[in-house]
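For reference, the structure is listed below as structure tokens.
Since every read-out is calculated from the coordinates, none of them should be taken as a lab result. Keep in mind it's a predicted model, so treat the numbers as computed, not measured. FYI the Cβ positions are ideal-geometry reconstructions off the backbone, even for glycines, and counts take in every protein chain you see.
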Amino acid sequence: MLRARLHRSTPFRLALAFGLLFILGFLISGLITYQYLKRELMGSLDTSVTEMYAVTTSNYAPNDMEDLVAAIEAYGKHPTSDERVFSLVDPSGRRIAGNATVPLLPDGLASITAQEIGLPINTTFRVFSGSIGENHLTVGRSLSETDDFEDIALFSFAWVAVLTIAFAAVGGVLLAHRAQRRLDGVVETMVDISNGRMQARIPLSGRRDDIDLLSIQINDALERLSRLVESMRQVSADIAHDLKTPLNRLKMTIQDAMSRNEQGEPIEDLLADALGESDQINATFEALLRISQIEAGGRKARFRPVDLLDLMTEIVEVYADVAEDNGQSLTFAAPPAGTWLVSGDRELLTQLFVNLIENAINHCQPDTRINLSLTAAESILIATVRDTGPGIPEAERAKVFRRLYRLDKSRSTPGSGLGLSLVRAIADLHGADITLADNERGLMVSLSLARAKPVAQ
Ligand SMILES: Nc1ncnc2c1ncn2[C@@H]1O[C@H](COP(=O)(O)OP(=O)(O)OP(=O)(O)O)[C@@H](O)[C@H]1O
Ligand SMILES: [Mg+2]
């Protein structure tokens with residue numbers, strides 16, 4: 001089980017691959033070093049043998065044979081003579097002096113085994129041969145010193161290799177295990193989340209490494225997700241709660257109608273009430289659906305340049321009469337003509353301003369003044385809708401954007417508390433900021449939208 005898991009674990013595989021690469025690199029570099037060392041040692045041995053020959057011959061002239069023979073005999077008896085070869089032979093290859101009898105070799109460097117020259121040891125010699133008069137002199141040194149060096153190098157290399165491989169393996173497994181434990185933390189958190197424990201978060205190591213950065217991103221996404229789930233839960237509960245009242249009212253109206261019907265009384269008015277109530281419920285559902293559709297963001301594909309000045313002028317023209325009928329005034333402090341473009345959905349932006357104006361008309365008393373304005377600040381267009389009505393208390397300003405939320409004092413007026421939710425959904429779709437503020441007396445709603453560049457004709 002553990003082996004199977006280790007096998008599939010990415011950190012372990014990485015550690016393994018890294019370990020193998022490391023070993024390969026180590027072997028190759030070891031081999032190169034070994035070859036280099038061997039060549040250097042051979043090179044210096046050749047130099048030393050050549051020098052030995054030069055030193056041996058330099059002091060003796062070809063006719064000074066006796067001194068040379070004596071010197072070679074003396075060299076051959078030296079305690080280190082096992083490691084060295086001195087051989088002076090006559091043209092027929094017979095020994096004249098030395099500790100070995102080397103057969104006639106071509107002049108220069110050569111390698112020869114101890115057996116070939118009749119020495120009872122198991123080694124190879126590097127020799128230099130040359131003629132002295134008609135005789136032949138060979139001097140040489142055994143490879144055993146070089147071999148010893150090579151053995152030491154190989155031995156140390158093997159030990160270093162074994163230790164390094166052991167360290168790489170143990171370190172790799174430990175590191176892989178640690179990384180795996182942290183990845184397991186991610187998996188466990190995701191399992192928790194899918195089991196509904198939305199507050200689960202990936203623990204961070206605090207080292208701000210790649211796993212930490214990834215975990216931070218996932219935790220942020222989980223945070224947003226859990227807030228979304230929570231708000232959906234809240235919305236569903238609110239909707240269920242808020243729809244209970246009109247459904248109960250509908251039920252009571254139908255019950256009234258049934259009992260009146262039993263007594264033979266006319267029930268047309270109650271049926272009309274029931275119809276009105278069900279229309280209202282229907283409208284609420286439609287508005288809820290519309291908000292969800294807008295929030296899904298599909299309409300973004302239909303964004304076109306929209307001239308806000310044009311759009312607001314049109315709406316004010318239509319709604320000025322409605323306000324007037326209600327004893328209120330609706331005006332527009334229009335900016336100078338020009339390009340007041342934003343990228344958006346004209347129908348939805350119209351709906352947004354209509355909802356704000358209808359709110360001012362419905363939630364403010366007669367004689368209220370409602371004023372729209374449009375200004376620009378660098379690349380932002382700011383549209384405002386102000387009224388001189390009762391305003392919204394600061395503590396309620398965030399709540400009025402919630403679905404079906406209405407201030408207590410508005411409960412008697414018609415409406416379902418979805419107007420501002422729709423406004424917020426449309427603003428969000430357009431990437432616009434919407435704020436509610438005091439308008440000295442009354443409410444000021446400001447909408448900031450990014451200005452769009454005019455399209456070339
Ligand atoms: N201009 C305003 N002045 C005072 N109160 C307001 C104003 N606009 C909104 N409100 C308050 O905010 C609440 C929520 O507004 P929203 O537009 O979401 O719902 P609604 O107007 O009650 O119903 P709907 O718009 O769905 O017909 C309103 O019920 C009202 O209490
Ligand atoms: Mg409204």
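Between Ile121 and Ile382, what is 0.36 nm times their sequence separation minus the Cα-Cα distance? Round to one decimal in nm.
83.6 nm
Let me confirm the definition first: pairs of Lys residues in the chain, 8 or more apart or on different chains, C-alpha distance under 26 Å. How many are there?
The number of close lysine pairs in the chain is 5.
Using the per-residue mean of other Cβ atoms lying within 10 Å as a proxy for protection, in what order, highest first, do the peptides 255-265, 136-146 fall?
Peptide ranking by packing, descending: 136-146, 255-265.
Would you give the gap between the C-alpha center of the range 379-457 and the C-alpha center of the range 26-94, rounded to a whole Å?
One Cα centre to the other: 103 Å.
Would you calculate the separation in nanometres between label points at Leu104 and Asp46, each defined as 7 Å from the Cα along the Cα-to-beta-carbon direction?
Taking the simple label geometry, Leu104 and Asp46 are separated by 2.6 nm.
Would you mind counting up the charge near Phe401? Only other residues with Cβ under 11 Å from its Cβ, with Lys and Arg at +1 and Asp and Glu at -1.
+3
Taking Rh as the Kirkwood radius, which is the inverse of the mean 1/r over Cα pairs, what is the Rg/Rh value for the range 301-450?
A ratio of 0.94.
Taking every pair of alpha-carbon atoms in the range 112-225, what share in percent sits in each 10 Å bin, from 0 to the bin with the longest distance?
Reading the bins upward from 0: 11, 20, 13, 10, 9, 8, 9, 9, 6, 2, 0.
To one decimal place, what orientation-averaged projected area in nm² is obtained for the convex hull of the Cα set of the range 12-148?
Result: a mean projected hull area of 10.1 nm².
May I ask for the percentage of alpha-carbon pairs in the range 387-457 that lie more than 20 Å from each other?
Cα-Cα pairs in the range 387-457 separated by more than 20 Å: 38 percent.
At 27 Å minimum axial length over the Cα atoms and a Kyte-Doolittle cut of 0.5, report the qualifying DSSP H helices in the chain, or say none.
Answer set is 10-58, 144-194.
Would you mind putting 352-358, 94-100 in packing order, based on average other-beta-carbon counts within 10 Å, highest first?
352-358, 94-100
Which three numbers, in whole Å and largest first, are the semi-axes of the equivalent ellipsoid of the range 87-152 derived from its Cα gyration tensor as √(5λ)?
Three semi-axes, in Å: 24, 12, 8.
Give me the orientation-averaged projected area of the Cα convex hull of the range 210-295, in nm², one decimal.
The orientation-averaged projected area of the Cα hull of the range 210-295 comes to 7.0 nm².
Considering Cα pairs under 8 angstrom that are at least six residues apart, work out the relative contact order of the chain and quote it in whole percent.
Dividing the mean separation by the residue count of the chain yields 10 percent.
Roughly how many nanometres apart are two label points built 7 Å out from the Cα toward the Cβ at Asn362 and Lys409?
About 1.7 nm, to one decimal.
Can you show me the helix-derived [θ] at 222 nm for the chain, built from DSSP H runs with n ≥ 4 at -39,500 (n - 2.57) apiece and divided by the number of residues, rounded to the nearest 500.
For the chain, the value works out to -19500 deg cm²/dmol.
Report the per residue volume, in Å³, of the convex hull enclosing the C-alpha atoms of the chain.
Here the figure is 328 Å³ per residue.
Whole angstrom only: what separates the Cα centroid of the range 250-327 from the Cα centroid of the range 166-231?
48
Taking Cα pairs under 8 Å and at least six residues apart, what relative contact order does the range 301-450 come out at, in percent?
24
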